[in-house]
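The structure follows.
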Amino acid sequence: MSSAASPAPALQIDSPVGEAVRHGLSEHPKRLPAWLFYDQAGSRLFEKITGLPEYYLTRTERSIFAARAGEIIARARDGARLRIAELGAGSAAKTSLLLSAAVELQGAVIYEPIDVSPGILRAAARRIEREIAGVTVAPRIMDYTNGLSFAPPRNGERRLVLYIGSSIGNFEPEQAARLLRRVRSTLRGGDALLLGVDLVKDRDLLLAAYDDAAGVTAAFNKNLLVRLNRELGADFDPQSFAHRALWNGTKSRIEIHLVSRKPQRARISALEMTVDFAAGETIHTENSYKYAPAEPELLLSRAGFEPVASWTDEKNWFAVCLGRVA
Ligand code: AVJ
């Protein structure tokens, strides 16, 4: 480090954020991991995205739960008592439909939402306990992408793990399988996983969902740079980057990029790093994989789950798939 002349900035050099940025912006092409989107402003923008007319995912998955929650929970229970965990629970907006169905079928249920954000978990826990009598919320603050541990339920219950909302879509097929195998390894015979995946559909519909008319997704993407400015003392000009969504048919994924509108240089003081951009150069900020029919079930099998049943909406836009530990 340099001399004692300047006071140490209150910046996080060795934080996971710093590590990810140092690494990702040194790559060719440049990239940043999608989890960086979710600071407070980013989480709020994502909530806004879920209500956009173009963003069919959330309301389509909710419509499947609205129509089928009883059936889904009955298949998952298979006659036993369930407790329900949820990976990346966030605000747990759609989960209520499943929790209500569980209460209906077995009288009461323990709900274990898992998320990295204590604030969001606390709010969700309060709301759910207030709204659904019979649900006891046991929040777990955990980054499930870095490993996961579940104590076996002591009262003979089976565990149903929810991984819904197309969160799995951020992971490349190999990573996705690895993540689900890790979930599988924390479970016991009879336990189950409910996976929500987005399906391949008309390209224009997919693109509109990730490039909405109101520009909320663009703001969500650019907020990443705002976050780096704040947390790492960087000097990105978010408006000199454009939001771009594209369909990669070969890999069956929507990709989101930030495109430099001009040649420019950014400094990231906490990393003592400068980053140069050519005009048109991109930062790849997200992949959102879209599954073909039968692929989700294949993924479940590859991760060691027995596919039990799948549900979809009438347009076949989204699928909810149940797998069980044999
Ligand atoms: C939270 C990963 C499901 O991929 O659709 C929404 C994130 N990115 N708009 C998705 C997202 C841009 C979202 N997931």
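The values are calculated or read from the model by the stated rules, or taken from the named source; none is laboratory data. Predicted, not measured: the structure shown is a model, and the values here were computed from it. Using ideal geometry, Cβ is built from the backbone for each residue, glycine included, and neighbour counts are taken over all protein chains shown.
Can you list the strands (runs of 3 or more DSSP E) found entirely within the range 173-275 that contain at least 3 residues being under 27 Å from Val17 (Cβ atoms) and more than 16 Å from the ligand (Cβ to nearest atom)?
Filter on the range 173-275 gives 264-268.
Take the residues of the range 109-131 that are in contact with a Phe, Trp or Tyr (Cβ under 9 Å, 6 or more places away or on another chain) and crowded, with 18+ Cβ neighbours inside 10 Å: which is nearest to Leu99 (Cα to Cα)?
Ile128
Check off (1) charged (D, E, K, R); (2) out of contact with any Pro (no Cβ under 8 Å at 6 or more places or on another chain); (3) buried (at least 18 other Cβ atoms within 10 Å of the Cβ) for Asp143 and give me the number that stays unchecked.
Condition not satisfied by Asp143: (3).
Show the residue pairs that are 6+ apart or on different chains and have beta-carbon atoms under 9 Å apart, the first residue being within the range 228-251 and at positive phi, the second being hydroxyl-bearing (Ser, Thr, Tyr).
Close Cβ pairs (under 9 Å, with a partner that is hydroxyl-bearing (Ser, Thr, Tyr)) amount to Gly233/Ser269.
Restricting to the range 48-95, count the residues that are small (Gly, Ala, Ser) and more than 18 Å from the chain's Cα centre (by Cα).
Residues in the range 48-95 being small (Gly, Ala, Ser) and more than 18 Å from the chain's Cα centre (by Cα): 9 in total.
On to the next question. Report, by residue number, each residue of the range 88-125 that is at pLDDT 95 or above and of a type in the set (A, V, I, L, M).
Leu97, Leu98, Leu99, Ala101, Ala102, Val103, Leu105, Ala108, Val109, Ile110
Let me ask something else. Looking at (1) within 19 Å of the chain's Cα centre (by Cα); (2) in contact (Cβ under 8 Å) with a residue 24 or more places away in the chain, can you tell me which one Arg122 breaks?
Here Arg122 meets the rest and fails (2).
What number of residues in the range 223-282 are surrounded by fewer than 19 Cβ atoms within 10 Å (Cβ to Cβ), of a type in the set (Lys, Arg) and over 20 Å from Tyr38 (Cα atoms)?
Count: 5.
While we're on this one: In the range 37-58, how many residues are within 12 Å of the ligand (Cβ to nearest atom) and assigned to a helix (DSSP H, G or I)?
The qualifying residues number 11.
Can you spot a residue in the range 284-294 that is within 16 Å of the ligand (Cβ to nearest atom) and of a type in the set (Phe, Trp, Tyr)?
There is at least one residue in the range 284-294 that is within 16 Å of the ligand (Cβ to nearest atom) and of a type in the set (Phe, Trp, Tyr).
Looking at the range 282-306, I want the residues that are under 17 Å from Thr217 (Cα atoms) and of a type in the set (A, V, I, L, M) and have a partner that is in a strand (DSSP E or B) and at pLDDT 95 or above with Cβ atoms under 6 Å, at least 6 apart or on another chain. Which pairs are those?
Pairs found: Ile283/Lys30; Ile283/Leu258.
Can Leu105 be described as of a type outside the set (Asp, Glu), surrounded by 14 or more Cβ atoms within 10 Å (Cβ to Cβ) and over 20 Å from the mean Cα position of the chain (by Cα)?
Yes.
Sticking with this structure for a sec: Select from the range 146-166 the residues that are within 20 Å of Pro33 (Cα to Cα) and surrounded by fewer than 17 Cβ atoms within 10 Å (Cβ to Cβ) and write down the one among them that is nearest to the ligand (Cβ to nearest atom).
Asn146
What single numbered condition from (1) of a type outside the set (Asp, Glu); (2) in contact with a Pro (Cβ under 6 Å, 6 or more places away or on another chain); (3) more than 16 Å from the ligand (Cβ to nearest atom); (4) closer than 24 Å to Pro16 by Cα fails to hold for Arg83?
The one condition Arg83 does not meet is (4).
Now, a different point. Kindly indicate whether Ile72 is more than 12 Å from the ligand (Cβ to nearest atom) and touching a Phe, Trp or Tyr at 6+ places or on another chain (Cβ under 8 Å).
yes
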